[in-house]
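Peer 1: Starting off with a structure, shown below.
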Amino acid sequence: MSKVQIRPYNVIDHTELPVITVDNIPVNGDPVEIEKEIYYTCETGIHDSEGIRKVDVIPLVVKNPSRVANIEDYLQCLSIAHRRVQFRKKNNICDFNDCDEMVIS
């Protein structure tokens with residue numbers, strides 16, 4: 001399996017993040033770890049001039065949320081990611097307070 005380079009773009013503060021190498025292009029709601037921070041994929045774009053795929057992401061933690069220009073878009077993207085979260089205990093789904101692990105499928 002070949003690796004793919006992506007250029008994450010933080011749509012909240014409008015900054016490019018460092019290029020990372022992943023096994024597969026992430027789809028909407030996929031978690032992506034960048035410099036020990038978790039982001040969620042919102043949209044995958046086209047290849048840039050260097051052949052690297054652009055991927056729009058939102059951070060799991062938003063500092064200064066009042067500065068977010070369109071909080072509705074952020075919440076919609078976060079909602080897609082949230083639907084993919086499962087809480088498990090011994091490979092069975094459980095509620096939040098009684099689980100051993102959290103898995104994003």
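Rule-based calculations on the coordinates, nothing more; no lab input. The model shown is predicted, which means the values in this text are computed figures rather than measured ones. When we count neighbours, we look across all protein chains shown, and the Cβ atoms used for this are built from the backbone with ideal geometry, even at glycine.
Peer 1: Would you grab the residues whose amide H sits under 5 Å from the one on residue 55? Only those 5+ places off in sequence or on another chain, please, with H modelled 1.01 Å from N.
Peer 2: For residue 55, the qualifying residues are 7, 9, 45.
Peer 1: Another question, then. Highest mean first, what order results for 52-61, 13-22 on Cβ atoms within 10 Å?
Peer 2: Working: 52-61: 17.4, 13-22: 12.0.
Going from most to least packed, we get 52-61, 13-22.
Peer 1: Let me ask you something else. Ordered by packing density, taken as the mean number of other Cβ atoms within 10 Å over each peptide's residues, highest first, how do 3-12, 24-33 rank? Show your work: numbers first, answer last.
Peer 2: Values: 3-12: 17.5, 24-33: 15.2.
Highest mean packing first, the order is 3-12, 24-33.
Peer 1: While we're here: How many nm is it between the label spots at residue 90 and residue 5, if each spot is 7 Å from the Cα in line with the beta carbon?
Peer 2: Taking the simple label geometry, residue 90 and residue 5 are separated by 4.8 nm.
Peer 1: So for the pair residue 71, residue 21, with labels modelled 7 Å out along Cα→Cβ, what separation do we get in nm?
Peer 2: Taking the simple label geometry, residue 71 and residue 21 are separated by 4.1 nm.
Peer 1: Right, next: Residue separation times 0.36 nm, minus the C-alpha to C-alpha distance between residue 60 and residue 38: what's the value?
Peer 2: On the way: separation 22, 0.36 × 22 = 7.92 nm, distance 0.57 nm.
Length gained between residue 60 and residue 38: 7.4 nm.
Peer 1: 7 Å from Cα along Cα→Cβ at both residue 28 and residue 80: what's the point-to-point distance in nm?
Peer 2: Each label point lies 7 Å from its Cα, and together they span 0.4 nm.
Peer 1: Something else about it: Please list, in chain and number order, the residues 5+ apart from residue 30 or on another chain whose amide H is under 5 Å from its amide H, with Hs placed from the backbone.
Peer 2: Those lying under 5 Å, H to H, from residue 30 are 41.
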